[in-house]
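First comes the structure, then the notes that go with it.
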Amino acid sequence: MANVHEPVCRLCRREGVKLFLKGDKCVGERCTFTKRNATPPGQHGLARRRRVSEYGVQLRAKQRARRIYGVLEAQFRIYFDAAAQSKGITGVLLLQTLERRLDNVVYRAGLASSRQEARQLVGHRHFKVNGRPVNIPSYQVRPGEVITVRERSHQLEPFQRAVAGSRSVPAWLAVMPESLRVDVVRQPERQEMDTTIDEQLIVEYYSR
């Protein structure tokens, strides 16, 4: 995942959609995207936008997906090339790869308020996969694998929040909040992944 060194709320305003990069702030009244009426960042954000070319539309689709999942350009291209060489629909395979990152699974399961927080928790070795500690945020989980929180980490604030919370969880994950356990039931389906991403535009971008 990329380490973002600029105000992340600018990224939401640049893409014209909430990317939920700051956790709870993004769903509250303090959300900058909402307060500024989704205007683009910069001094001339309110000025009339120029007509966007076909390439520009494709680029924005790729950047939006990259920023949602917090992946650097080089890693994103590796994911795309692997999806393009596999059997199936390239765009859907790409999104499945992004969804099955361990940091994303931790976020989707409600064990972190944002993907950035999930990345930090994974990097600090708070999770086990099938009983073995894993500290690689990009680790690809597979159906049948079990993700648990290390016992000595159960009292940390993010996990206590997860036990008390009730975030909606996609059907491809089975979450047991009381034991801080996540079972990967199956591969995610397209309708269970981010609907603001147009994967076909990403395919067209890399197929130029």
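Of all the listed residues (R125, R152, R208, R190), the sole one being charged (D, E, K, R) and at positive phi is R125. For Q120, the conditions (1) within 14 Å of the chain's Cα centre (by Cα); (2) closer than 20 Å to V71 by Cβ; (3) surrounded by 18 or more Cβ atoms within 10 Å (Cβ to Cβ); (4) not acidic (D, E) are fulfilled apart from (3). Among the residues examined, R77 does not qualify as at pLDDT below 95, in a helix (DSSP H, G or I) and either farther than 18 Å from D183 by Cβ or touching a Ser or Thr at 6+ places or on another chain (Cβ under 7 Å) (or both).
Restricting attention to the stretch 174-184 and to residues that are outside any loop (DSSP other than H, G, I, E, B) and among the hydrophobic types (A, V, I, L, M, F, W, C), the residue that is surrounded by the fewest Cβ atoms within 10 Å (Cβ to Cβ) turns out to be M176. Only a single item in (1) over 18 Å from H124 (Cα atoms); (2) free of Cβ contacts under 8 Å to residues at least 40 places away in the same chain; (3) part of a helix (DSSP H, G or I) is not met by A171, and it is number (3). Filtering Q155, Q187, Q200 for residues that are in a loop (DSSP other than H, G, I, E, B) and either modelled with pLDDT of 95 or more or touching a Gly at 6+ places or on another chain (Cβ under 6 Å) (or both) leaves a single hit, Q187. For the stretch 136-162, the candidate set comprises residues that are of a type in the set (A, V, I, L, M) and surrounded by 14 or more Cβ atoms within 10 Å (Cβ to Cβ); within that set, the residue that is nearest to the chain's Cα centre (by Cα) is V141.
Comparison of S86, S113 shows that the only residue that is outside any helix (DSSP H, G or I) and surrounded by 14 or more Cβ atoms within 10 Å (Cβ to Cβ) is S113. For the stretch 175-184, the set of residues classified as under 17 Å from G131 (Cα atoms) and without any contact (Cβ under 8 Å) to a residue 60 or more places away in the chain consists of M176, S179, R181, D183, listed by residue number. Condition test on L156, is it more than 22 Å from R64 (Cβ to Cβ), touching a residue at least 40 places away in the same chain (Cβ under 8 Å) and in the same structural domain as R108 (by TED's automatic domain parsing)? Against the criterion (more than 22 Å from R64 (Cβ to Cβ), touching a residue at least 40 places away in the same chain (Cβ under 8 Å) and in the same structural domain as R108 (by TED's automatic domain parsing)), L156 does not qualify.
The set of residues from the stretch 83-111 being small (G, A, S), in contact (Cβ under 8 Å) with a residue 60 or more places away in the chain and out of contact with any strand residue (DSSP E or B) (no Cβ under 7 Å at 6 or more places or on another chain) comprises A84, G91. Only a single item in (1) touching a residue at least 12 places away in the same chain (Cβ under 8 Å); (2) more than 19 Å from the chain's Cα centre (by Cα); (3) surrounded by 12 or more Cβ atoms within 10 Å (Cβ to Cβ) is not met by R190, and it is number (2).
Is it fair to say Q140 is among the polar types (S, T, N, Q), outside the structural domain of Y69 (by TED's automatic domain parsing) and more than 30 Å from A61 (Cβ to Cβ)? So Q140 does not fit the description; no.
The values are calculated or read from the model by the stated rules, or taken from the named source; none is laboratory data. Model, not experiment: these values are computed from the prediction. Neighbour counts are summed over all protein chains in view; Cβ atoms, including those assigned to glycine, are modelled from backbone coordinates with ideal geometry.
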